[in-house]
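Heads up, the thing below is written out as structure tokens.
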Amino acid sequence: MRRLIPDPGPTDLESELATYRPADQDREGRPFVAVNMVSTLDGRASSQGNTKALGSDADTEHLLGLRTRFDAVMIGGGTMRAERYGRIISRPESRTRREQDGLSPDALAVIISGDLDLPFDAPLFTDGNGRVLIFTRKSEVPDTETEVDLVTIDGLIDTADVLAHLHREEGIRAVLCEGGPHLFGQLVAGDLVDDFFLTVTPVVTGGDAPRILETNLPERAEFELVGLLEADGDLFARYRRA
Ligand SMILES: NC(=O)c1ccc[n+]([C@@H]2O[C@H](COP(=O)([O-])OP(=O)(O)OC[C@H]3O[C@@H](n4cnc5c(N)ncnc54)[C@H](OP(=O)(O)O)[C@@H]3O)[C@@H](O)[C@H]2O)c1
């Protein structure tokens with residue numbers, strides 16, 4: 001891995017993330033929010049229905065590394081259906097490292113799904129580790145090995161309310177949102193994104209795959225580039241809300 005901005009030179013993920021402490025930066029009434037997405041050169045968010053064919057091993061490592069810095073990882077129902085998540089902090093050494101850094105060993109998995117039409121046979125629900133909190137319009141969930149709690153909301157689920165709830169009721173100081181395009185759009189529309197990590201992978205796929213943001217925005221949102229890394233041909237940009 002090499003760093004292009006700032007201070008160009010060789011680097012590694014461990015040193016890049018060592019000083020990244022989003023949990024020390026919670027905002028007034030809500031957690032610090034970072035979003036991580038991978039995009040093709042033509043702005044697409046998936047290939048053949050999910051992200052498995054996008055990004056390199058370095059991108060996977062970057063995502064797993066980022067997760068170790070956050071209290072919670074948040075996704076929308078569409079992402080859970082497409083990606084079938086497992087345990088968020090899957091490596092024992094990462095859980096140990098989190099404890100040393102004052103975080104709980106497992107990150108809270110947060111899902112926003114109005115209809116609760118989720119793959120309850122996915123490893124996140126079946127392996128029995130960690131905890132899942134789902135914001136939904138429904139009031140009942142199937143039995144699962146993993147502890148699952150619901151926050152039932154009538155009508156529209158507002159992402160600002162979700163974040164306020166996580167901060168107030170769960171003590172969450174920092175959330176990593178891993179998409180997808182509709183949830184990302186709501187966060188941008190609500191001016192709720194503090195950091196945006198974008199991996200650009202050097203392929204063009206075309207077709208009708210979603211773009212990385214699929215929501216009408218009330219106005220354009222501006223970001224400033226604060227870091228750029230390269231590994232395996234992927235670019236890892238970090239933007240901050242301007
Ligand atoms: N490139 C990337 O980095 C990346 C990241 C993540 C996902 N993806 C891809 O994106 C695709 C999925 O796109 P998507 O836009 O459907 O994903 P998404 O944003 O994760 O999911 C949208 C779904 O989340 C639920 N939801 C989100 N906000 C809600 C709200 N405020 N109230 C109630 N429900 C809400 C709804 O699910 P219910 O229908 O369950 O109510 C909605 O249909 C997949 O192909 C996936 O592989 C790409």
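Quick notes
- Centre-to-centre, using Cα atoms only, the stretch 7-30 and the stretch 54-69 are separated by 14 Å.
- By average C-beta atoms within 10 angstrom, highest first, the peptides 169-180, 194-205: 169-180, 194-205
- Stretching residue 154 away from residue 219 to a fully extended chain increases their span by 20.6 nm, per 0.36 nm per residue minus the current alpha-carbon distance.
- Within the accessible surface of the stretch 26-241, defined with a 1.4 Å probe on protein heavy atoms only, the carbon and sulfur portion equals 44 percent.
- Averaging the sequence gap over all C-alpha pairs within less than 8 Å and six or more residues apart, then dividing by the number of residues, gives the stretch 14-87 a relative contact order of 31 percent.
- Packing order of peptides 38-46, 7-15, 101-109, highest average first: 38-46, 101-109, 7-15 (average count of other Cβ atoms within 10 Å over each peptide's residues).
- Cα gyration tensor category, rounded, prolate or oblate, for the stretch 156-242 with a/c compared to 1.5: prolate
- Relative contact order of the chain, defined on C-alpha pairs under 8 angstrom at six or more residues apart (%): 29
- In the chain, the calculated helix contribution to ellipticity at 222 nm averages -6500 deg cm²/dmol per residue, counting -39,500 (n - 2.57) for every DSSP H run with n ≥ 4.
- Segment residue 204-residue 182, length gained on full extension (0.36 nm per residue, minus Cα span): 5.8 nm
- Each peptide in 142-153, 23-34 receives the mean, over its residues, of other Cβ atoms within 10 Å, and ordering these scores from highest gives 23-34, 142-153.
- Given charges at beta-carbon only (K, R positive; D, E negative), |dipole| of the stretch 1-139 in Debye: 320
- The mean sequence separation of alpha-carbon pairs under 8 Å and at least six residues apart, normalised by the residue count of the stretch 134-183, gives a relative contact order of 31 percent.
- Subtracting the Cα-Cα distance of residue 140 and residue 104 from their residue separation scaled by 0.36 nm leaves 10.3 nm.
The values are calculated or read from the model by the stated rules, or taken from the named source; none is laboratory data. Everything numeric in this text was worked out from a predicted model, so none of it was measured. Every residue, glycine among them, receives a Cβ derived from its backbone with ideal geometry; neighbour counts consider all protein chains shown. We work out accessible area using only protein heavy atoms, side chains counted, and drop any ligands, DNA or RNA first. Shrake-Rupley method; radii C 1.70, N 1.55, O 1.52, S 1.80 Å.
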